[in-house]
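Here is the structure we will look at.
Please treat every number below as a calculation from the coordinates, not as lab data. No experiment lies behind these values; they were computed from the predicted model shown. Don't worry about glycine lacking a Cβ; one is built from the backbone with ideal geometry, like all the others, and counts go over all protein chains shown.
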Amino acid sequence: MDKPSPAPRHLLTLLDLSPEEARALLARAIELKAMLRAGVDYRPLRHRTLAMIFEKASTRTRVSFETGMVQFGGHALFLSPRDTQLGRGEPIEDNARVLSRMVDAVMIRTFSHETLERFAAHSRVPVINGLSDMAHPCQLLADMQTYLEHRGDIRGRRVAWIGDGNNVCNSYINAAPVFDYQLVIACPEGFEPNATVLAAAGAHCQVVRDPREAAAGADLIVTDVWASMGQEEEQRARAIAFADYQVNEALMAEAAPDALFMHCLPAHRGEEVSAAVIDGPQSVVWDEAENRLHAQKALLELLLLPPA
Ligand code: CP
Ligand code: NVA
């Protein structure tokens with residue numbers, strides 16, 4: 001018998017959360033942040049372990065999950081295919097069966113979203129998407145927390161995504177109906193977000209070509225690198241395709257006067273964003289990065305300590 005009953009709860013995309021749960025999670029993240037700052041000793045995950053499988057590089061995701069588990073009294077294991085049997089061809093399903101008999105949750109950063117789905121289908125414990133080619137839901141939890149802290153509820157606000165229709169963009173699309181904002185995506189032809197993800201968001205999202213059209217009146221401007229991990233060989237061609245898609249002061253001037261700027265990081269100054277913007281007064285990227293810790297602690301609570 002492989003699967004326990006009831007089936008564990010996963011976070012593979014933001015659509016795994018109801019709008020109510022997502023909002024409650026942000027409120028809890030803000031609470032956990034305040035508790036940490038106040039020095040409250042809160043260790044609800046004593047003796048619990050999180051396995052973290054990283055097929056790609058990471059700074060923020062690794063450090064935030066590991067630190068979050070330690071703060072909660074638990075432990076995180078960093079697992080790389082380079083030094084586990086995954087890299088020697090052990091099937092993902094077998095990894096899921098074995099790991100999930102030992103640890104309490106698994107976070108995976110992988111190339112193919114399908115790998116994540118196959119792992120989750122054979123896991124006895126919650127599986128968290130730490131970034132796939134399809135989505136980066138943990139990033140969005142931190143971004144939404146950051147917007148809430150700086151500007152209040154994002155409901156009814158206008159968000160502009162400038163650049164590649166990549167994994168983070170797909171998660172902005174998933175988040176639009178969950179948090180009830182309007183998203184305008186400006187991307188060059190051939191770099192659109194996932195069509196199924198876009199269709200599911202319906203009237204909350206539209207794709208345009210002109211970055212100024214997307215930025216016009218926006219409350220939040222977001223971008224990401226032009227070449228994601230695994231696309232390094234396309235870097236030169238992408239730099240040409242995205243040349244008109246830099247978030248700079250001229251583009252920020254199209255947005256609402258109190259618009260915020262976000263970027264999941266790492267950033268390439270002088271490519272997708274100018275140094276003046278990312279290091280400027282409208283940028284909240286450092287809070288955004290820090291909030292990975294708080295939002296993911298709230299997520300771990302939700303998945304591992306569900307309300308009775
Ligand atoms: N934003 C983000 O996921 O960063 P890392 O790649 O450093 O984890
Ligand atoms: N789109 C980027 C995000 C990195 C956090 C990538 O996939 O490399």
Using +1 on the beta carbon of Lys and Arg, -1 on that of Asp and Glu, and nothing else charged, what's the dipole of the stretch 268-308 about the Cα centre, debye to 20?
160
Hand me the GluC sites (Glu not before Pro) from the stretch 148-251 located in a DSSP loop with no more than 10 other Cβ atoms within 10 Å, in residue order please.
E189
So, with +1 on the Cβ of K and R and -1 on the Cβ of D and E, and no other charges, what is the size of the charge dipole of the stretch 77-179 about its Cα centre, to the nearest 20 debye?
180
Does the stretch 69-134 come out rounded, prolate or oblate by the C-alpha gyration tensor, with a ≥ b ≥ c the root eigenvalues, rounded set by a/c under 1.5 and, if not, prolate when a/b is larger than b/c and oblate if not?
rounded
Mind checking the stretch 17-73 for trypsin sites (Lys or Arg not before Pro) that DSSP puts in a loop (not H, G, I, E or B) and that have at most 11 other Cβ atoms within 10 Å?
R46
In a Gaussian network model over the chain where Cα atoms closer than 10 Å are linked, find which of S18, S64, S100 has the largest mean-square fluctuation.
S18
Please report, in debye to the nearest 20, how large the charge dipole of the stretch 19-104 is about its Cα centre when each Lys and Arg carries +1 at its beta carbon and each Asp and Glu carries -1 there.
260
Ellipticity estimate at 222 nm from DSSP helix runs (n ≥ 4, -39,500 (n - 2.57)) divided over the chain, nearest 500
-12000 deg cm²/dmol
Summed residue charge, Cβ within 13 Å of S112's Cβ, Lys/Arg positive, Asp/Glu negative:
-1
If you build a Gaussian network model of the chain, linking Cα atoms that sit under 10 Å apart, which residue out of N95, N129, N174 swings the most?
N95
Name the residue farthest towards the positive end of the dipole of the chain from the options G165, A195, A298, assuming +1 on Cβ of Lys and Arg, -1 on Cβ of Asp and Glu, about the Cα centre.
A298
So what's the angle, to the nearest 10 degrees on a 0 to 90 scale, between helix 167-179 and the longest Cα principal axis of the chain?
90
Anisotropy class of the stretch 44-94 from Cα gyration tensor, a/c 1.5 cut
oblate
Which is the longest stretch in the chain that no exposed loop site breaks, taking sites as chymotrypsin sites (Phe, Trp or Tyr not before Pro) with a DSSP loop state and at most 16 other Cβ atoms within 10 Å?
112-308
Using alpha-carbon coordinates, inclination of helix 285-304 to the longest axis of the chain, degrees:
30
Which semi-axes, in whole Å and largest first, does the equivalent ellipsoid of the stretch 1-99 have when worked out from the alpha carbon gyration tensor as the square roots of 5 times its eigenvalues?
27, 19, 14
Identify which of T223, T59, T49 has the largest mean-square fluctuation in a Gaussian network model of the chain, with springs joining Cα atoms closer than 10 Å.
T59
Using alpha carbons only, how many degrees (0 to 90, rounded to 10) separate the axis of helix 137-151 from the longest principal axis of the chain?
60
Taking square-rooted eigenvalues a ≥ b ≥ c of the alpha carbon gyration tensor, is the stretch 177-217 rounded, prolate or oblate, where a/c under 1.5 means rounded and, failing that, a/b exceeding b/c means prolate?
oblate
